[in-house]
Amino acid sequence: MDDYHKEPSHHGLSDLLGEKMEEETARRICKTCHRSGLPSEADECSSCDNMRALYDIRKELAEWHAEKYGDERLDRFEFDEEVFDRWPYLKENHVDGMWYLDHSIKRGLDRILSSRMNHYQEGKGVPYWKRSTTKVWKNATSRRRGEVVSRKSPLVSACCFDVGTRMKGNDGWTYLVKLRKDGTNFWSKKK
């Protein structure tokens, strides 16, 4: 069988070929966003590689901007030829300012967390039409008995992370992802 017919899009062939098709098409999963269908050599998909590169450039650019311009606002910084010469990746991807760079990183992070949530819910057996009900980003504040209360644990859902992952919460404590008896993940304060 040729490589074209081994692709996951040809899942109808598995009915005709039986178990042989299942053995030949082992689907690789991206280690960052948990999406399937990777090339055999890669550990991450191209979207995750792109997001990681933009994030690394963002850190370097912030340090460079602080050294050169001092206290000037970074979020309104428009890139010039000096920035494009130093980081040609920005020019290749048509990123022309800091606002656009920040929002590209935010959109990439949202995509990664949504894919992780989808992978988690797929593993739990949730039907595909119900998978978008759980919020990835939680509200920072809520009302309890008429008072505004801030969320102590991290703002991102624990379902997007593996059991044992640590993250700093909004109250400054470190939180750990644990598993409930019903099989769902939750944030627990590490003491």
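The values are calculated or read from the model by the stated rules, or taken from the named source; none is laboratory data. Here the structure is a predicted model, which means the values were calculated and not measured. With ideal geometry, Cβ positions are generated from the backbone for all residues, glycine too; neighbour counts draw on all protein chains shown.
Descriptive notes on the structure:
- Subset of region 30-44 that is among the polar types (S, T, N, Q) and modelled with pLDDT of 75 or more - its residue that is surrounded by the fewest Cβ atoms within 10 Å (Cβ to Cβ): SER36
- Test result for VAL163, assigned to a loop (DSSP other than H, G, I, E, B), at pLDDT 90 or above and not basic (Lys, Arg): yes
- Test: residue in region 97-108 that is among the β-branched types (Val, Ile, Thr), within 16 Å of SER47 (Cα to Cα) and part of a loop (DSSP other than H, G, I, E, B): no
- Selected residue (criterion: nearest to ILE29 (Cα to Cα)) from residues of region 105-131 that are of a type in the set (Gly, Ala, Ser) and surrounded by fewer than 18 Cβ atoms within 10 Å (Cβ to Cβ): GLY123
- Residues of region 115-156 that are in a strand (DSSP E or B) and farther than 17 Å from THR184 by Cα: THR141, SER142, ARG143, ARG144, GLU147, VAL148, VAL149, SER150.
- Which numbered condition ASP182 misses (of (1) part of a helix (DSSP H, G or I); (2) exposed (fewer than 12 other Cβ atoms within 10 Å of the Cβ)): (1)
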